[in-house]
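> Supplied in structure tokens, the structure appears directly below.
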Amino acid sequence: MRWQEVAVPLFVIVSLIVLKHLPFADGLPLARAAGVVAFGYAAFLALRLVQGEEALRVDGWSELRPSMVEYFACYGAAALAMVLMSAIIVIGGTKHVQATQMLATFIASLLLGSGAVGIGLGGLFTKVRWNDTLLEHRNTFGRENQIAWSDVRSVRPNWRGITIATHDAQRVTFSQFHSGAAQLAIHATNRARRNALSGSEGQITPVA
């Protein structure tokens with residue numbers, strides 16, 4: 001696990017608890033929201049612990065597969081967004097609700113919906129596989145990108161996941177929550193290190 005996976009949920013929970021005691025947040029169900037976040041984070045940790053470390057082998061290729069963490073996050077966020085939006089439509093049309101509550105619920109549903117779409121486009125509907133010579137990435141819209149292991153220069157984590165970069169600025173980014181992501185990251189790091197050593201050895205001028 002990376003430190004962001006611990007820091008971000010804790011920051012959100014603490015922020016909600018602090019906001020609960022501020023005057024402008026009176027009437028907002030922030031304590032309930034903090035409880036939902038805490039429950040979701042507990043489920044995330046449980047699913048993260050059972051995430052597969054090994055990639056799937058298919059016809060000589062190793063493939064990453066979406067994990068239960070990503071399915072839970074995507075479909076859970078989409079379902080909660082639909083529940084909140086339905087509550088706005090049903091309750092807003094039958095009862096008098098404070099404008100602040102309606103606005104906060106609407107913003108929360110938009111954020112959850114956007115998160116579900118982002119997880120789906122960036123993780124669930126992409127395909128990443130590799131063999132001894134190539135790394136292949138296909139995004140949600142069918143665009144395919146292939147890079148040779150001999151061209152790999154660096155492997156770096158970022159907010160989107162893990163990015164593998166080549167000397168000619170090609171990049172493949174995949175989610176760290178995919179089953180087999182750790183195996184691919186280790187393999188790419190070893191190839192980048194091997195390529196760096198080969199390059200440095202090639203620059204040494206023989207002494208006559």
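The values are calculated or read from the model by the stated rules, or taken from the named source; none is laboratory data. Computed from a prediction, not measured in an experiment: that's the story for all the values here. Using ideal geometry, Cβ is built from the backbone for each residue, glycine included, and neighbour counts are taken over all protein chains shown. Each accessible area value is taken on the protein alone, full model and side chains, heavy atoms only, with ligands, DNA and RNA left out. Shrake-Rupley method; radii C 1.70, N 1.55, O 1.52, S 1.80 Å.
> Applying 1/(1 + (r/R0)^6) with R0 = 25 Å to the Cβ-Cβ distance of ASP132 and ARG156, what FRET efficiency is obtained, to the nearest 0.05?
Once rounded, the FRET efficiency stands at 0.65.
> Working from Cα positions, state the angle (0 to 90°, nearest 10) between the long axis of helix 99-119 and the longest principal axis of the chain.
Taking Cα atoms only, the helix is inclined about 20 degrees.
> Turning to a different aspect of this structure: Provide PHE44, PHE72, PHE141, PHE174 ordered by accessible surface of protein heavy atoms (probe 1.4 Å), highest first.
From most exposed to least exposed: PHE141, PHE72, PHE44, PHE174.
> Check each of the trypsin sites (Lys or Arg not before Pro) in region 115-208 and keep only those in coil by DSSP with at most 10 other C-beta atoms within 10 angstrom; list them in order.
Of the trypsin sites (Lys or Arg not before Pro), the ones in loops of region 115-208 whose Cβ has at most 10 other Cβ atoms within 10 Å are ARG143.
> Cut-off 15 Å, label point 7 angstrom out along Cα-to-Cβ of GLN101: give me the residues of region 9-37 whose amide nitrogen falls inside.
In region 9-37, the label zone of GLN101 (backbone N under 15 Å from the point 7 Å along Cα→Cβ) covers 25-33.
> Where a ≥ b ≥ c are the square roots of the eigenvalues of the C-alpha gyration tensor, would you call region 118-176 rounded, which needs a/c under 1.5, or, failing that, prolate if a/b is larger than b/c, or oblate?
Oblate is the answer for region 118-176, as a/c is 1.5 or above yet b/c matches or exceeds a/b.
> Let me ask something additional. Using a Gaussian network model of the chain whose springs link C-alpha atoms within less than 10 Å, name the residue from GLN101, GLN176, GLN51 with the highest mean-square fluctuation.
GLN101
> Please list SER179, SER67 in order of solvent-accessible area, largest first, computed with a 1.4 Å probe with all protein chains present.
Listed by decreasing accessible area, they come as SER179, SER67.
> Say a site is exposed when it is one of the GluC sites (Glu not before Pro), sits in a DSSP loop, and has at most 11 other Cβ atoms within 10 Å; what is then the longest site-free stretch of the chain?
55-208
> Please give the helix 181-202 orientation as an angle from the longest Cα principal axis of the chain, in degrees from 0 to 90, rounded to the nearest 10.
40
> Would you look at the GNM of the chain, springs on alpha carbons closer than 10 Å, and say which of HIS137, HIS187, HIS178 moves the most?
Of HIS137, HIS187, HIS178, the Gaussian network model singles out HIS187 as fluctuating most.
> To the nearest 10 degrees, how steep is helix 68-94 against the longest Cα principal axis of the chain, on a 0 to 90 scale?
Roughly 20 degrees, rounded to the nearest 10.
> Could you please put TRP149, TRP3 in sequence from largest to smallest accessible area, using a 1.4 Å probe?
If we order TRP149, TRP3 from most to least accessible, we get TRP3, TRP149.
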